[in-house]
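The values are calculated or read from the model by the stated rules, or taken from the named source; none is laboratory data. Keep in mind that what you see is a predicted model, and the values were worked out from it rather than measured. Cβ: placed from backbone, ideal geometry, glycine included. Neighbour counts: every protein chain shown.
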Amino acid sequence: EAQVTQNPRYLITVTGKKLTVTCSQNMNHEYMSWYRQDPGLGLRQIYYSMNVEVTDKGDVPEGYKVSRKEKRNFPLILESPSPNQTSLYFCASSLQGSSYEQYFGPGTRLTVT
Amino acid sequence: AQSVAQPEDQVNVAEGNPLTVKCTYSVSGNPYLFWYVQYPNRGLQFLLKYITGDNLVKGSYGFEAEFNKSQTSFHLKKPSALVSDSALYFCAVRDDHQAGTALIFGKGTTLSVSS
């Protein structure tokens with residue numbers, strides 16, 4: 001089954017404790033992206049990757065890091081989480097770039113206390 | 001800069017009535033336009049897109065959208081609403097002149113269909 005998986009689905013952590021949210025897709029997509037969803041703000045893009053070893057900032061990259069060492073994986077790293085990073089995070093992938101239909105993962109709800 | 005607006009936070013319709021969820025956009029080039037739907041506790045699902053061609057685009061679950069260049073709009077429509085259509089709907093836009101840039105999402109419109 002074609003899908004995007006994210007782990008963990010729920011995470012509660014404390015300020016400053018490094019964490020990684022994994023994202024994996026099995027569709028051989030070149031493009032992958034991370035979004036955060038906040039009430040009243042819709043989805044905002046954090047980082048995206050056009051292909052392996054090619055990443056770029058989205059609209060709200062501060063406080064986040066990503067890497068794309070393999071085509072299927074695109075982890076999101078929070079080196080020192082802060083309470084304002086409490087949000088619902090989605091990973092998405094598409095065939096080639098944002099002009100194509102994006103497939104979204106189920107989401108990761110992160111709470112930073 | 002590109003932007004997208006969904007002027008209504010919530011749309012309420014009765015089952016069987018037609019529904020419209022509004023979206024307007026602003027880009028410097030030609031727009032790539034999308035509609036996505038989000039059901040509770042789920043990720044977003046693609047409904048339809050406009051890249052070029054016919055201004056009326058048909059998508060999943062009986063939805064359609066009309067691209068209007070002069071009004072810079074891309075409203076989502078369905079002739080007869082179902083209770084199961086109740087969800088959060090997002091319009092998104094990308095400027096074709098800016099390769100590799102983000103897909104910009106609207107803030108979302110909650111559709112509530114009553115029986």
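A compact table of results
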read-out	value
Number of positions in region A:80-113 that are modelled with pLDDT of 95 or more and farther than 23 Å from residue B:93 by Cβ	13
Residue, farthest from the other protein chains (Cβ to nearest Cβ), within region A:72-110, restricted to residues that are of a type in the set (D, E, K, R) and within 25 Å of residue B:42 (Cβ to Cβ)	A:72
Strands (runs of 3 or more DSSP E) fully within region A:47-101 counting 1 or more residues that are of a type in the set (Lys, Arg)	A:54-57
Failed criterion for residue A:113 (all others in (1) surrounded by 18 or more Cβ atoms within 10 Å (Cβ to Cβ); (2) more than 14 Å from chain B (Cβ to nearest Cβ); (3) under 30 Å from residue B:110 (Cα atoms) hold)	(1)
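Matching residues to (1) assigned to a loop (DSSP other than H, G, I, E, B); (2) without any contact (Cβ under 8 Å) to a residue 12 or more places away in the chain:
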| residue | (1), (2) |
| --- | --- |
| B:4 | no, no |
| B:7 | yes, no |
| B:36 | no, no |
| B:47 | no, no |
| B:54 | yes, yes |
| B:71 | yes, no |
| B:75 | no, no |
| B:81 | yes, no |
| B:91 | no, no |
